[in-house]
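Reviewing the structure listed below.
The values are calculated or read from the model by the stated rules, or taken from the named source; none is laboratory data. Predicted model only: the values in this text are computed from it and were never measured. With ideal geometry, Cβ positions are generated from the backbone for all residues, glycine too; neighbour counts draw on all protein chains shown.
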């Protein structure tokens, strides 16, 4: 029987924004899971990066990005990338969040010094009995109940990617 593995935002963004589909193929030995908050965070970062690409800029305030998004900036790119996210999601087991996971997440924040969204991801793993996580985010290595699946891709030659901040 295949083992469960949770997919983190950093991995989804590598596939969608960088076109590194091979990363997902390398996980074919696992039953892949994704929590709802990872899908939300991925959607948010897809919108931000798509608007910034359309503006041909690397930095704008959140409110400027929101304003430009509402005006339709990057509309086609956002639609294409969100469609790809949905296509990937349809091949994964989507995990719901609940109050128990939220309670575990508060402990994870205190014990491992993870930011709230990462703590929710780790707490989701604990709640659903998932021990492996596929991510490029080194912060999860601090969590003693998780095993980080390290993936190499040709472009990065095994170097970990920096987390894209929110």
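A few notes on this one:
- In region 1-17, the residues that are free of Cβ contacts under 8 Å to residues at least 60 places away in the same chain reach residues that are part of a strand (DSSP E or B) and surrounded by fewer than 24 Cβ atoms within 10 Å (Cβ to Cβ) with C-beta atoms within less than 8 angstrom, at least six apart or across chains, in these pairs: 2/30; 2/31.
- Yes/no for residue 53 being in a helix (DSSP H, G or I), over 21 Å from the mean Cα position of the chain (by Cα) and more than 30 Å from residue 4 (Cα to Cα): no
- Looking only at region 39-63, and only at residues there that are surrounded by 14 or more Cβ atoms within 10 Å (Cβ to Cβ) and farther than 13 Å from residue 81 by Cα, the one that is modelled with the lowest pLDDT: 60
- Residues (over 20 Å from residue 130 (Cα atoms) and touching a helix residue (DSSP H, G or I) at 6+ places or on another chain (Cβ under 8 Å)) located in region 1-40: 13, 14, 15, 16, 17, 20, 21
- Residue list for region 127-156, restricted to those being modelled with pLDDT under 95 and more than 17 Å from the chain's Cα centre (by Cα): 154, 155, 156
- Screening 78, 36 for residues that are within 26 Å of residue 119 (Cβ to Cβ) and either modelled with pLDDT of 95 or more or surrounded by fewer than 19 Cβ atoms within 10 Å (Cβ to Cβ) (or both) leaves exactly one candidate, 36.
- Check on residue 20, surrounded by 17 or more Cβ atoms within 10 Å (Cβ to Cβ) and at pLDDT below 95: yes
- Qualifying position, being in a helix (DSSP H, G or I), within 26 Å of residue 123 (Cα to Cα) and touching a strand residue (DSSP E or B) at 6+ places or on another chain (Cβ under 9 Å), among 97, 11, 27: 11
- Filter pass, residue 103 being part of a helix (DSSP H, G or I), more than 19 Å from the chain's Cα centre (by Cα) and either closer than 27 Å to residue 128 by Cβ or at pLDDT below 95 (or both): yes
- Among the residues of region 127-153, those that are touching a strand residue (DSSP E or B) at 6+ places or on another chain (Cβ under 7 Å), free of Cβ contacts under 8 Å to residues at least 24 places away in the same chain and closer than 21 Å to residue 93 by Cβ comprise 147, 148.
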